[in-house]
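The values are calculated or read from the model by the stated rules, or taken from the named source; none is laboratory data. Please read all numbers here as calculations on a predicted model, not as lab measurements. Cβ atoms come from the backbone with ideal geometry, glycine included; neighbour counts cover every protein chain shown. What goes into the accessible areas is simple: the full protein's heavy atoms, side chains included, and nothing from ligands, DNA or RNA. Shrake-Rupley method; radii C 1.70, N 1.55, O 1.52, S 1.80 Å.
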Amino acid sequence: MNKLLQFLSKSKTISSCGDYKTPSLVIEVKDYLEILSKIKKSDIKLRYIVDITKDNVNYCKELIKFADEVRHLDGIKTNFSVSESEYIASSTLSQELYSPEPFQQIIYSNVPDIVEQQKYVFESFWNKAILAEHRVREIEEGVALGMTEVIQIPSKTVEMFVSLIKSAKEEVLLLLPTTNAFFREEKLGIIRYLRDAAVLQGVNVRILTPTNDVITKIIQNMENDKLINFVIQVFEPASDIKVHTVTILVIDKKESLVVEKKDDYKENMVDAIGLATYSTSKPTVISYVTIFESLYNHAKLYEQLKIHGKMQDEFINIASHELRTPTQAVLAYSDLLQNHPEQRDAMIDAIKRNAMRLQRLTEDILDVTKIESKTLKLYKEDLDLSILLSTIVNDYKNNAEGREISDIILLDNEANGKHYIINADTQRITQVVTNLLNNAVKFTEENKECGSISIRLEEVKNADCQEVIINVKDAGTGIDKEILPRLFTKFATKSTKGTGLGLFICKSMVEAHNGKIWAENNKDGKGATFSFSLPFSKYRD
Amino acid sequence: MSKTVKMITNNKNKRILIVDDEPDIALAFKIGLEDSGFVVDTFNEPKIAFSNFKSDFYELLLLDIKMPKLNGIEFYQRMKEIDKKVKVLFITASEIYYYEKIVKEVFPLLGAKRLLRKPIKIEVLVRSIKQELGLFNNNNNNNESHSEYSLSS
């Protein structure tokens, strides 16, 4: 104790380190508290590093009152003080927590070299330690406030960058500012590593990067399509996303590393980067997550908008081709009619045919508009499905307009003569069946050797509902494999005639009746079967 | 009517081949062009037109662009290998910007000058063909460009 008092009396600055037991000792041992009080009243500058824990937090708060500055260092296990010319160390390890016993062992030195060494040790700890007030708040408010550190040495940043990526357990978010930054990461093996982490460890990886032809090719070669937890989302310069200056890396939503770009033309990351900020502070890390997410969503939306724009373009082009073609015929024959009375009937037929084609197309475009604006209205009533189907087939044959129609057979055998009552819009169900028949006839005409078209009913009952399935089977050319996956989407056609809207409309109509529609090529390799289901309420009495 | 008679004299025996997958349109164009004195053959399937094509037989081809299996541009590329002299007019019902790149980059290589747009009036079609064949005084034809797309526009 005397040694300690002597030490204090000669010092102007005192730098002390203590483990988690120290705060209780210095507050509880009367002599130490007196020493602290003296220091407080004197000009002596006291800095303290301790391990602040849940158990000693109240003692630490007392200690803060006596020292000029207290810092916290996780798990520190040393007890020493160093002044300008002296060093004194003690042991608390064997001491009981909160026992009001003074230090039992003391090591003292005034050898300048030793003092200098210990000063250095203290300063190293001091720089790593965080503010005591900060740590106290962390404990008392139950939140991990973390810390933020500026890294000045690029090699250290790169090392940290790699080790952070390797430490990821759940998620990696990486925003790259330039195409060159992508190439630097690629060179470091980061992109490949992240893909492996996604595949082997199930880490969710999202990379946001600007792109060029080379990067697009690299991404394609990685076959990322097959992975749901590894996404490289590209953003284009035109998309208004402008992050030219920093690389942002966020690991498991707990740690962030933001690296400033110094010289984008350098090939190696070490040469290209400047200052970096590493943080475990929740508000900081979450801010970077938010920045990443909003840019990521922005890039995705922009991409969707582009696809949408392309589809709109495509729609306008197809629609205008389909509108102008019959219009051309109508106008040309109207022109020619007066000079060719001998061909009057044929020309009027052509005008009528093309006017009807125009009308059908107009209806289709109107339907699509209604479907997309969600303003489609159905006029439902209870209908006998079998009667409706035979009416549709008869009308279809009568309106064949001179075309060769293959036999259409309405098969009733599996329904066993049952009459299903469906609650549906007659016009819309007729539209669906007619459309399926049109397709069946069209593709049967292309394959002239084939036979008839059949409509067959099938009943499905399960716990929730009872449904009737209407199967339209043909023996035509079958569905093109390229078209099959997008058969019911808009413009899915390989034909140069037609808008490719028919099946899209059918799907929407069936779904509006709470049914489903699907199609497959027949197992015997000849033709296809289109099926749709409709709920039915009862059988006709 | 006297104007029509004069045209017939001018256009006599000029053979034109129309390839358009829309039979109604091909026939209407054929009737309209025959009224102006041209001799016209039509095909609705480009592949059949191709196999029936006779070299040094036609003065001009009137080709629809969007056709199944072989489009109008491809069709003409093949024709030029057989018949270097035959002239061409393309016509389309599609949006014109769709073919803007082709008009700028491919047309000069093919020696094609114009892309006509459907719907087109028969008289404008006749005039365009005559102009292409050098049968018409260019100065009289300045007011008809609203229905066609030329390289100079």
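In region B:14-85, which chymotrypsin sites (Phe, Trp or Tyr not before Pro) are in a loop and have at most 15 other Cβ atoms within 10 Å, using DSSP for the loop call?
Passing sites in region B:14-85 are B:Phe57.
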- request: Take the Cα coordinates of the protein assembly as shown, assign each an equal point scatterer, and use the Debye formula without solvent to give log10 I(q)/I(0) at q = 0.06, 0.08 Å⁻¹.
  value: -0.64, -0.85
- line: Counting only protein heavy atoms and leaving out ligands, DNA and RNA, the solvent-accessible surface of A:Thr277 at a 1.4 Å probe, in Å² to the nearest 10, equals 50 Å²
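I'd like the FRET efficiency for A:Glu140 and A:Lys282, computed as 1/(1 + (r/R0)^6) with the beta carbon distance as r and R0 of 22 Å, rounded to 0.05.
Approximately 0.90, to the nearest 0.05.
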message: Given a 1.4 angstrom probe, what's the average accessible area per residue across chain A, in square angstrom?
response: 54 Å²
Distance from region A:351-374 to region A:303-329 (C-alpha centre basis), Å: 14 Å
message: In square angstrom and rounded to 100, what buried accessible area do you get between chains B and A, total over both, with the probe at 1.4 Å?
response: 2300 Å²
message: Once neighbouring chains are kept in place and the probe is 1.4 Å, which whole percent of the accessible area of the protein assembly as shown is contributed by carbon and sulfur?
response: 51 percent
message: If you count only protein heavy atoms and use a 1.4 Å probe, how large is the accessible surface of A:Asp213, to the nearest 10 Å²?
response: 130 Å²
message: Full-extension gain between A:Asn297 and A:Glu445, please, as 0.36 nm times their residue separation minus the C-alpha to C-alpha distance.
response: 48.5 nm
Label point at A:Asn268 placed 7 Å out along Cα→Cβ; residues across region A:182-200 whose backbone nitrogen lies under 17 Å: A:183-190
statement: Residues of region B:16-34 that bury at least 30 Å² of accessible area, probe 1.4 Å, when all protein chains are present rather than the chain alone, are B:Asp21, B:Glu22, B:Asp24, B:Ile25, B:Ala28, B:Ile31
- prompt: Counting only protein chains, not ligands or nucleic acids, how are A:Val441, A:Val234 ordered by accessible area (probe 1.4 Å), most first?
  reply: A:Val234, A:Val441
- request: Note down the accessible area of A:His298, probe 1.4 Å, to the nearest 10 Å².
  value: 80 Å²
